[in-house]
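Q: Starting off with a structure, shown below.
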Amino acid sequence: MLGWILIGFGIPLFPESFGSLHEEFKKGNFEFVRHASSRELKASQLQPDPRILYLFVATEQDWKESEKAILNFRASGVPPSKFSHQALFQFLERLFVLGEFEALVKWGRIFQKEYKGYPKYYSGLFLLSYGYKELQNRKEAIGCLTEIEQNASDPELIQKTQSFRDSIKKEEGF
C-alpha cells in the first residue's frame, strides 16, 4: 500500500485520492488542487482518473495547459464518463469566457460528437453555436440552435436559444 506524501503545500495527500483533492477544492484551495491534480495526471498517464482531470481543468487558469491535459487524457484510451464530460464542458466555458472561439469550435465539435446524452450536452451545443457565430459560420450556429430547440427539455435554455437565433437572423437581415 502506498503511504501518505506531502505535496508542495504541506497538506497530506494520498496519491490516488480523489476524495482528498475534492475536499481541498471545496475548501477553496484551488492552487493546491491545481498543482496536485497536475502531478497526479502526469504520474498516471496510462490510466488517468477522469475525476482528477475535472479538478485540474476546473482550477487551471491557462487554457492551453487544460487542453494538453485533455489531449493526454483522450490519448490514454480511458472511455468518456460523466467526469470527462464535465471537464470538457468546463473547458468549453473557459474558452467562451476568454473569447478563444477557434478552440471553442474545435473542442465543441468533439463535445457534440462524443457526449450526446450527457446532462450538459445542449448547454455545450449552445456554447458551440456562439463560437460558430463569432467565426462567421452562421449556418452551423443555426444548426446547433435548431438541435437544441428540437430536443432540449430546459425551458430557460430553449428561451436563450430562441433569443440567440433571433439576434443572428436580425444581423443577417432576415
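Q: With the requirement that a residue be crowded, with 16+ Cβ neighbours inside 10 Å, part of a helix (DSSP H, G or I) and acidic (Asp, Glu), what does region 58-68 give you?
A: Once the filter is applied, which keeps residues that are crowded, with 16+ Cβ neighbours inside 10 Å, part of a helix (DSSP H, G or I) and acidic (Asp, Glu), region 58-68 yields only 67.
Q: Are any residues in region 108-126 open to solvent by 50 Å² or more (accessible area, probe 1.4 Å), closer than 14 Å to residue 88 by Cα and not in a helix (DSSP H, G or I), and if so, which ones?
A: Across region 108-126, the qualifying residues are 116, 118, 119, 120.
Q: How many residues are surrounded by fewer than 22 Cβ atoms within 10 Å (Cβ to Cβ), closer than 14 Å to residue 51 by Cβ and either without any contact (Cβ under 8 Å) to a residue 24 or more places away in the chain or not polar (S, T, N, Q) (or both) if we restrict to region 80-95?
A: Counting residues in region 80-95 that are surrounded by fewer than 22 Cβ atoms within 10 Å (Cβ to Cβ), closer than 14 Å to residue 51 by Cβ and either without any contact (Cβ under 8 Å) to a residue 24 or more places away in the chain or not polar (S, T, N, Q) (or both) gives 4.
Q: Out of 46, 6, 55, 71, report the one residue that is assigned to a strand (DSSP E or B), among the hydrophobic types (A, V, I, L, M, F, W, C) and either modelled with pLDDT of 95 or more or surrounded by fewer than 17 Cβ atoms within 10 Å (Cβ to Cβ) (or both).
A: On inspection, the qualifying residue turns out to be 6.
Q: Okay, next question. Counting only residues that are open to solvent by 60 Å² or more (accessible area, probe 1.4 Å) and assigned to a helix (DSSP H, G or I), how many does region 127-146 have?
A: Number satisfying all stated conditions: 4.
Q: Moving on. Looking for something at pLDDT below 90, open to solvent by 40 Å² or more (accessible area, probe 1.4 Å), on the phi < 0 side of the Ramachandran plot and not in a helix (DSSP H, G or I) - is there at least one such residue anywhere in region 26-36?
A: No, because not a single residue in region 26-36 is at pLDDT below 90, open to solvent by 40 Å² or more (accessible area, probe 1.4 Å), on the phi < 0 side of the Ramachandran plot and not in a helix (DSSP H, G or I).
Q: Something else: When you look at residue 129, is it modelled with pLDDT under 95, of a type in the set (Gly, Ala, Ser) and under 16 Å from the mean Cα position of the chain (by Cα), yes or no?
A: Spelling it out, it is not the case that residue 129 is modelled with pLDDT under 95, of a type in the set (Gly, Ala, Ser) and under 16 Å from the mean Cα position of the chain (by Cα).
Q: Give just the number: which of (1) modelled with pLDDT of 95 or more; (2) surrounded by 13 or more Cβ atoms within 10 Å (Cβ to Cβ); (3) out of contact with any Cys (no Cβ under 9 Å at 6 or more places or on another chain) does residue 98 not satisfy?
A: Here residue 98 meets the rest and fails (2).
Q: Moving on to the next point. Condition first: exposed (fewer than 15 other Cβ atoms within 10 Å of the Cβ), hydroxyl-bearing (Ser, Thr, Tyr) and closer than 22 Å to residue 85 by Cα. Now tell me which residues in region 147-174 satisfy that.
A: Within region 147-174, just 153 meets the criteria.
The values are calculated or read from the model by the stated rules, or taken from the named source; none is laboratory data. Please read all numbers here as calculations on a predicted model, not as lab measurements. Note that each Cβ is placed from the backbone with ideal geometry, even for glycine, and that neighbours are counted across all protein chains shown. Note: accessible area is taken over every heavy atom of the protein model, side chains too, but ligands, DNA and RNA are not part of it. Shrake-Rupley method; radii C 1.70, N 1.55, O 1.52, S 1.80 Å.
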